[in-house]
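What follows is a set of notes on a single structure, which appears directly below.
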Amino acid sequence: MDSSCLLNFENFTVKGRVQIEFLEKLLKENDQVEYLQKFGLNGRTDPESYKSCVPLVTHEDLQPYIRKIADGDTSPVLTKKPITILSVTSGTSGGAPKYVPFNDHQVDSCVQAFQTSFAYRNREFPLGNGKGLQFNFLGKLSKTKGGLPYTNLLTNLLMNPKLSETSMKSNSCSPEEVVIARDYQQTLYCHLLCGLIQHEEIEFVVGAFAHIVIMAFQTLSQVWQELTRDIRTGQLGD
């Protein structure tokens, strides 16, 4: 799995022609979407026409289209393939969360990106039979006015069955039941508990963001007595 991920990534990043072919494929698949119609491509799907006709834009420029999708418009607004879920950003870059539409292909691409990142990590820091203390959490899953589900990107990925093929899940010291719990504080407590119980096997500690790891260890400094009591007695306290 790791070797194939690395090979695919090298092909896409080192060989420029592969990237151009991928762009051509995307343009051919989505040449009739509403967003591209206004730029006068007139059926052209070559990268040069795309570069000359379609300007660089910000998320704010795309908001009217995303709003249509969120409100239930199922026509090909931004992509030919139907949008199946919206990912919500943390809001740290612009002060407010942003909604990013995903279809099944884009979700698969994100899964591949995670698989690739873990493949590189495993190559540089190979794991033996150890485990990772991975602070993964499922966020709240909600629906837009049009009935489209939305949540944060990590939750989207953790709910994807294809991610179970990666070391992101397989090497975690926490069982699936901990990760899929919806209570953040209880999940964090159980992550710490699992990590302490299996401390001799832990080879790495990771979180989606650095502040998650910081908050986890801040919590550890506050609840270490409860954790040690639970480990000593073999039972969870109230």
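All of the numbers you see were taken from the coordinates with simple rules; none came from a lab. Nothing here was measured: the structure is a model prediction, and the numbers come from that model. Every residue, glycine as well, gets a Cβ built from its backbone with ideal geometry; the counts of neighbours run over all protein chains shown.
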Exercise. Which number do you get for Rg(Cα) / (2.2 N^0.38 Å) in region 53-161?
Worked result: 1.26
Problem set entry | Cβ-based exposure ranking for F217, F114, in which fewest neighbours within 10 Å come first | F217, F114
Problem set entry | Per-pair calculated FRET efficiency, R0 = 30 Å: N30 and L127 via Cβ, rounded to 0.05 | 0.15
For this session: Describe numerically, in nm with one decimal, the distance between label points set 7 Å from Cα along Cα→Cβ at I231 and at S52.
Result: 6.7 nm
For this session: List the relative contact order of the chain as a percent without decimals, with contacts defined as Cα pairs under 8 Å and 6+ residues apart.
Result: 17 percent
For this session: Rounded, prolate or oblate: pick one for region 106-233, where a ≥ b ≥ c are the square roots of the eigenvalues of its C-alpha gyration tensor, a/c under 1.5 means rounded, and failing that, prolate if a/b is larger than b/c, else oblate.
Result: oblate
For this session: Go through region 1-68 and name the GluC sites (Glu not before Pro) that are in a DSSP coil and have 13 or fewer other Cβ atoms within 10 Å of their Cβ.
Result: none
For this session: Treating each Cα of the chain as an identical point scatterer and ignoring solvent, apply the Debye formula and state log10 I(q)/I(0) at q = 0.09 Å⁻¹.
Result: -0.51
